[in-house]
Amino acid sequence: MNKVAIITDSTCDLSKEIIESRNIKVLPLYVRFGEDIYRDGIDITTDRLYELVEQKNEIPKTSAVSPGDFIEAFEPLIKDGYDIIYTGIGSSLSGTFQSAHIASLEFPENRIYLVDSKNLSTGIGLLVLKACDLRDQGLSASDIKDRLLEIVPKVRSQFAVKTLDYLHKGGRASGTAKLLGTMLRIKPIIQVRDGKMDVYTKTMGKMSRALDVMLTDYINLGEQIDLDYVMITHSQAGKHVDYMSEIVNQKLKPNKLFVTEAGCVISSHCGPGTIGILYIVK
């Protein structure tokens, strides 16, 4: 049986420490301001992204990992005798999965296994960590793919958005919705299910109200949650990160709670202050 390599993309929002310790290869998506193109997490940081948004008063365009990028990543691993598992941003949210599929056709069958996460951010990261666990247990790439496909519909991803500016500038909220939302201090909670982003509910007033909605959902699920890994992922969310971490650890403590920062691609769509909780149900 061949060795197994795990590949994902920069929207997985896993920390560098996790990526290095679990031997994960990450391919960057791209962020574009006019003619300037940056590789997510390599050429640009989230802090710099927000600086540029303020300077230029525009939201950057983002683009997928190309088939050529995937071929460049796949080729040396295949030559070294690895089978490959790739899971990254959901196919309905980016062209990256299609790029991976196109690239995989350049290699022998049964060497590259693609799993559509139907998710984003550490909703992908959870699948990547499960893939690493299965690899370390000695499972084949084929068996890992089968197991991941069982987990995909069980991933729960919720994010509270602090400001509507980025949703508006990115074309995801009308000017009227943005104005009313700002006046009423609306904090939408976005969920990702089956590859689609939808508004789960809206809270008014302080950001803490939105956090409490997400935390209540998490706590009420109780024994239905797979407590191997729970993620709190944010984009410059400050004190709210500590609050959510404290409540999670007090009320329903996971075996591993990871706090990670959203990369540039995810942050460009949600804006500063966004924070989410992501986990798997049994």
Can you tell me which of SER104, SER117 is over 20 Å from ASP13 (Cα atoms) and either outside the structural domain of ILE275 (by TED's automatic domain parsing) or among the hydroxyl-bearing types (Ser, Thr, Tyr) (or both)? SER104
Out of LYS25, LYS56, which single residue is farther than 19 Å from ALA100 by Cα and among the basic types (Lys, Arg)? LYS56
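Out of the residues in the range 244-258 that are out of contact with any Phe, Trp or Tyr (no Cβ under 9 Å at 6 or more places or on another chain) and surrounded by fewer than 18 Cβ atoms within 10 Å (Cβ to Cβ), which is farthest from ASP13 (Cα to Cα)?
Restricting attention to the range 244-258, the residues satisfying the condition of being out of contact with any Phe, Trp or Tyr (no Cβ under 9 Å at 6 or more places or on another chain) are 244-246, 249-250, 253.
Right, trim to surrounded by fewer than 18 Cβ atoms within 10 Å (Cβ to Cβ) and you get 245-246, 249-250, 253.
On the way: SER245: 17, GLU246: 21, ASN249: 21, GLN250: 25, LYS253: 21 Å.
Ranking the candidates gives GLN250 first.
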Name the one entry in GLN55, GLN98 that is in a helix (DSSP H, G or I) and at pLDDT below 95. GLN55
Residue check: is ILE151 at pLDDT 95 or above and among the β-branched types (Val, Ile, Thr)? yes
As an exercise: evaluate VAL53 against (1) buried (at least 19 other Cβ atoms within 10 Å of the Cβ); (2) under 23 Å from GLY88 (Cβ atoms) and give the number of the one condition it does not meet. (2)
Scanning the range 31-48 residue by residue, the ones that are within 15 Å of the chain's Cα centre (by Cα) and either in the same structural domain as LEU126 (by TED's automatic domain parsing) or under 20 Å from GLN98 (Cβ atoms) (or both) total 1
Just one listed residue, out of VAL213, VAL192, VAL241, VAL199, is β-branched (Val, Ile, Thr), under 20 Å from the mean Cα position of the chain (by Cα) and farther than 16 Å from ALA262 by Cβ, and it is VAL199
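The values are calculated or read from the model by the stated rules, or taken from the named source; none is laboratory data. None of these values were measured; they are calculated from a predicted model. Don't worry about glycine lacking a Cβ; one is built from the backbone with ideal geometry, like all the others, and counts go over all protein chains shown.
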